[in-house]
1. Over segment 6-73, calculate the relative contact order: mean separation of alpha carbon pairs under 8 Å at least 6 apart, over the residue count, as a percent.
2. Running Debye on segment 6-73 with equal point scatterers at the Cα sites and no solvent, what base-10 log of I(q)/I(0) appears at q = 0.11, 0.16, 0.25 Å⁻¹?
3. Please report the carbon-and-sulfur percent of the accessible area for segment 6-73; probe 1.4 Å, protein heavy atoms only, DNA, RNA and ligands left out.
4. Once the whole set of protein chains is in place, how much accessible area is left on Ile50, using a 1.4 Å probe, in Å² to the nearest 10?
5. Each residue of segment 41-52 in turn: what ³J(HN,Hα) in whole Hz from Karplus with 6.51, -1.76, 1.60 and θ = phi - 60°, glycine and Pro shown as x?
6. What residues have an amide H closer than 5 Å to that of Lys48, excluding those fewer than 5 places away on the same chain, when H is modeled at 1.01 Å from N in the peptide plane?
Amino acid sequence: AYPDPSLSSLFAKESLAHMSEEQLNRYDRLINEPSNDWDIYYWATEAKPIPPEFDTDVMAMLREFAKNRNREQRLRQPDLEYLFEPPR
């Protein structure tokens, strides 16, 4: 789990259905390979530099999502029903 679980789950809900297979593979690697979830959070919020092996288009998407330019309220994780919806 991320230090801010709503960040990762809301990003997944908004983005996974629109990713290519290659992007999904990079996303899977991003969320499973780092040994510390805090690192992913720090990279996404630009508190720490991203190691080259994780500096991908998917990380750029997560960083942009973390900026929350629309100032959406992200107070809780989304319901999981989206996992079972057909791709849009």
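The values are calculated or read from the model by the stated rules, or taken from the named source; none is laboratory data. Keep in mind the model is a prediction, meaning the values are calculated, not measured. SASA here: full protein model, heavy atoms, side chains in, ligands and nucleic acids out. Shrake-Rupley method; radii C 1.70, N 1.55, O 1.52, S 1.80 Å.
1. Once normalised by length, the contact order is 33 percent.
2. Each listed q maps to, in turn, -0.23, -0.50, -1.25.
3. So the carbon and sulfur contribution to the accessible surface is 45 percent.
4. 30
5. These are the phi-based 3J(HN,Hα) values: 4, 5, 5, 5, 9, 6, 7, 9, x, 7, x, x Hz.
6. So Lys48 has HN proximity to Trp43.
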